[in-house]
Amino acid sequence: GLFDGQAAQIVTELSKPRNATGAKAMRLLGWTPRSREEALVATAESLIRLGLLKKSK
């Protein structure tokens, strides 16, 4: 199959809604999240650097 036994055990967890925020990291560590735009650009740059996405001309 596509998935091993351990992965199959957590599949049911994937559809459960989760509420997660960065509030604790912001409060305790002074962390500031990236903007959506910065995150998107950083993701694209990482994919290009790793050879998973070809740079367009």
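Readers should treat all values here as calculations from the given coordinates under stated rules, not as data from a laboratory. Because the structure is predicted, anything quoted here is derived from the model rather than measured. All Cβ positions, glycine included, derive from the backbone under ideal geometry; neighbour counts span all protein chains shown.
Residues that are under 14 Å from the mean Cα position of the chain (by Cα), at least 1 per element: which helices (runs of 4 or more DSSP H) completely within the chain meet that?
Helices (runs of 4 or more DSSP H) meeting the threshold: 36-49.
Among the residues of the chain, count how many are β-branched (Val, Ile, Thr) and surrounded by fewer than 10 Cβ atoms within 10 Å (Cβ to Cβ).
Result for the chain: 5.
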